[in-house]
Amino acid sequence: QAQLVESGGGSVQIGGSPRLSCAASGRGFRFVAMGWYRQATGKERELIAGISVEGSTNYADSVKGRFTISRDNAKSTVDLQMNSLKADDTGMYYCGLCATNQAMCIEVRFWGQGTQVTVSS
């Protein structure tokens, strides 16, 4: 079992730079990749950034160059630094503990409860 708790969301202006954090508990964190996912209203949840235990990363084209995922294996945390936010970045952001150690995290074993990010002018 694992528990994931996200924090750092809220209302942000276009161009803002919030940082999301996910704290993991349980035994799985140090062995598998972690991912950040976004679900906009009426759309499917999508992987936007993933990171393996060793630090290999994968980004969706929509956030590449603007978002940076990082993890601290000692603290069992994974962060998402978001820069140059756009209105299209609005959505619920979820942290996921992956089933494998692939940064392209397709299968998620555990989800956090999500944190809302709303981008407006």
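The values are calculated or read from the model by the stated rules, or taken from the named source; none is laboratory data. On a predicted model such as this, the values are computed, not experimentally measured, just so you know. Positions of Cβ are generated from backbone atoms using ideal geometry, with glycine treated the same way; all protein chains shown enter the neighbour counts. These accessible areas exclude ligands, DNA and RNA; they are computed on the full protein's heavy atoms, side chains included. Shrake-Rupley method; radii C 1.70, N 1.55, O 1.52, S 1.80 Å.
Return a whole-number percent for the relative contact order of segment 1-103, with Cα pairs under 8 Å and 6 or more residues apart as the contact set. Please list the in-between numbers first.
Working: 222 pairs, mean separation 37.6, N = 103.
Normalised by residue count, the contact order of segment 1-103 is 36 percent.
Report the charge-dipole magnitude of the chain in Debye, nearest 20, computed about the Cα centre from +1 at each Lys and Arg Cβ and -1 at each Asp and Glu Cβ.
160
What translational diffusion coefficient, to the nearest whole µm²/s, does the chain have by Stokes-Einstein, given a Kirkwood radius computed over alpha-carbon pairs, a temperature of 4 °C and 1.567 mPa s viscosity? Numbers along the way, then the final one.
Details: Rh = 13.9 Å.
For these conditions, the coefficient is 93 µm²/s.
On full extension of the chain, what length is gained from GLN13 through ILE106, given 0.36 nm per residue of separation minus the C-alpha to C-alpha distance?
Taking GLN13 through ILE106 to full extension adds about 30.4 nm, to one decimal.
Segment 55-121: which trypsin sites (Lys or Arg not before Pro) are DSSP loop and have at most 16 other beta-carbon atoms within 10 angstrom?
The qualifying sites are LYS64, ARG66, LYS75, LYS86.
What accessible area per residue, rounded to a whole number of Å², is obtained for segment 22-121 using a probe radius of 1.4 Å?
Here the per-residue accessible area is 50 Å².
Can you pull the percent of the chain's accessible area that's carbon plus sulfur, 1.4 Å probe, other chains left in place?
Here carbon and sulfur together make up 47 percent of the probe-accessible area.
Can you tell me the length gained on complete extension of the stretch ALA74 to SER120, counting 0.36 nm per residue apart and subtracting the Cα distance?
Contour length minus Cα-Cα distance gives 13.0 nm.
What net charge do the residues around GLY91 carry, taking every other residue with its C-beta under 12 Å from that of GLY91, with Lys and Arg at +1 and Asp and Glu at -1? Walk me through the intermediate numbers first.
Working: positive: ARG38, LYS43, ARG45, LYS86; negative: GLU44, GLU46, ASP88, ASP89.
For residues surrounding GLY91, the net value is 0.
FRET efficiency for ARG66 and LYS43, Cβ-Cβ distance as r, R0 = 22 Å, nearest 0.05?
Rounded to the nearest 0.05, the efficiency is 0.70.
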